[in-house]
Every structure is written in structure tokens, then in C-alpha cells.
């Protein structure tokens with residue numbers, strides 16, 4: 001579904017990504033892990049065409065998307081849940097969700113998607129007229145994921161979904177992400193909660209200083225002594 005081929009990105013004179021290559025197959029959950037500043041968020045921005053490439057190619061569904069604008073990448077079926085959620089706090093839950101549905105068109109499609117989101121996250125349905133800015137951090141993350149799901153995208157990218165959340169909330173959130181995986185949705189997960197990400201992921205890539213350093217099955221990397229030492233504080 002997604003194929004990055006030797007992608008390099010710079011911010012001015014500072015190189016952020018160095019010939020990054022990886023693939024995400026249809027129906028897979030792939031984790032991209034690494035320390036802060038390693039280029040994980042930049043990788044997601046490169047996929048969505050929010051930053052220009054120095055070199056390389058991003059392909060989605062077998063076609064290059066290097067030369068198309070972000071809104072067309074979204075319409076092709078790529079959606080991003082950004083780090084920090086970035087909901088619209090002065091709008092209601094329902095209004096935030098409806099903003100994510102514009103590629104769907106008809107109201108009947110919007111209603112069916114809303115019903116699905118409310119089934120996935122019941123608290124959003126119970127509070128759909130509540131201002132989004134009054135929600136807790138965990139509830140806002142649910143809303144951000146729901147908004148991204150509203151347009152029935154083929155690939156959902158999540159950038160640090162557990163950031164700033166309490167452990168119990170993270171556990172509940174990951175149960176819902178597991179539901180999405182079980183439903184066949186293709187997921188690309190950038191995460192600081194590395195143990196949870198590797199348990200969930202079919203495959204994973206380790207990004208360090210803008211370069212892919214290691215790859216493998218999620219559970220194999222979870223058991224890797226170097227990963228345990230560097231990222232899980234297990235010696």
C-alpha cells in the first residue's frame with residue numbers, strides 16, 4: 001500500500017531524513033520507533049506531502065505521490081492523527097467529526113460513519129454536543145482518531161497517540177487501536193510507548209538520526225536485547 005524509496009528531507013541546511021526506505025502492506029500495522037528528534041514525525045509529513053523531498057519517492061497504492069498536493073493525498077486515502085491531537089476546541093465533538101468527513105460527500109455516508117465512530121468511542125456519542133476543548137486528554141485523542149476515521153481512509157497514520165496520557169487511558173486507547181487493526185485497517189504507528197507499539201505491530205522499523213537502523217517483526221524487536229536496553233530500560 002505504501003512504499004518509501006530512499007526518501008531524504010532537509011530543513012534548510014539540516015538533514016532530517018537520510019534515504020529512508022520502508023513498506024506498509026495492506027492490512028498491516030507497522031510501527032516506526034526511535035528516540036526524540038530521529039525524524040519520525042518528518043517521515044509522516046513527507047508521506048502526506050507536508051514537507052518537500054530532497055530526493056527519493058513516496059508511492060501509495062502503486063503510484064508516485066511526489067508531485068501532488070496534501071489535499072489530494074488525503075483524497076487518495078491517507079489520513080494523519082497528528083501529535084498533540086490538534087482538535088478545534090471551540091467546536092463541538094460532532095462538528096470536529098463532521099470536519100473529517102468532507103471526502104465522503106452525502107449526508108447518509110456521514111451518518112453511517114458517525115454511528116461507527118460512536119460505537120468505537122461511546123463517550124463521544126454521549127457528549128457529541130460538548131465543546132471539544134472541555135474534554136480530557138484521552139477523550140481529545142479519541143476525538144482526533146475519530147475525526148481521521150470519518151472519511152474512510154485506506155491508511156491511518158498515528159503520531160504519538162499515547163503522548164501525555166495516563167497509563168490506564170493508554171491501555172484503553174490501545175484496545176481501540178487493536179479493534180481497528182482487527183477490522184483490517186492499515187495502520188502506520190509512530191510511538192513513544194514502544195512496548196505497546198511493538199506488541200501491536202506486525203512489523204516495525206527503528207529510526208535513529210534520520211536513518212532506518214533495524215527492522216523486523218514487532219514481537220521479535222520487543223525481545224531484542226538492544227531494543228530492550230536502549231528503549232525499554234531492560235539490561
message: I need the full set of residues from the range 153-169 which are out of contact with any helix residue (DSSP H, G or I) (no Cβ under 7 Å at 6 or more places or on another chain), in a loop (DSSP other than H, G, I, E, B) and in contact (Cβ under 8 Å) with a residue 40 or more places away in the chain, in order please.
response: 153, 154, 160, 163
field: Failed condition for residue 93, given (1) surrounded by fewer than 22 Cβ atoms within 10 Å (Cβ to Cβ); (2) more than 28 Å from residue 39 (Cα to Cα); (3) touching a residue at least 24 places away in the same chain (Cβ under 8 Å)
entry: (1)
- prompt: Can you pull out the residues in the range 70-90 that are surrounded by 16 or more Cβ atoms within 10 Å (Cβ to Cβ) and on the phi > 0 side of the Ramachandran plot?
  reply: 77, 85
- prompt: Restricting the range 217-226 to residues that are crowded, with 16+ Cβ neighbours inside 10 Å and in contact with a strand residue (DSSP E or B) (Cβ under 7 Å, 6 or more places away or on another chain), which is farthest from residue 200 (Cα to Cα)?
  reply: 221
field: Enumeration of residues in the range 47-65 that are touching a strand residue (DSSP E or B) at 6+ places or on another chain (Cβ under 7 Å), within 22 Å of residue 25 (Cα to Cα) and touching a residue at least 24 places away in the same chain (Cβ under 8 Å)
entry: 47, 48, 56, 57, 58, 59, 60
message: Checking residue 146 against (1) assigned to a loop (DSSP other than H, G, I, E, B); (2) closer than 30 Å to residue 7 by Cα; (3) modelled with pLDDT of 90 or more, only one condition comes out false. Which one?
response: (1)
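The values are calculated or read from the model by the stated rules, or taken from the named source; none is laboratory data. Source: prediction; values computed, not measured. Neighbour counts run over all protein chains shown; Cβ positions are idealised from the backbone, glycine included.
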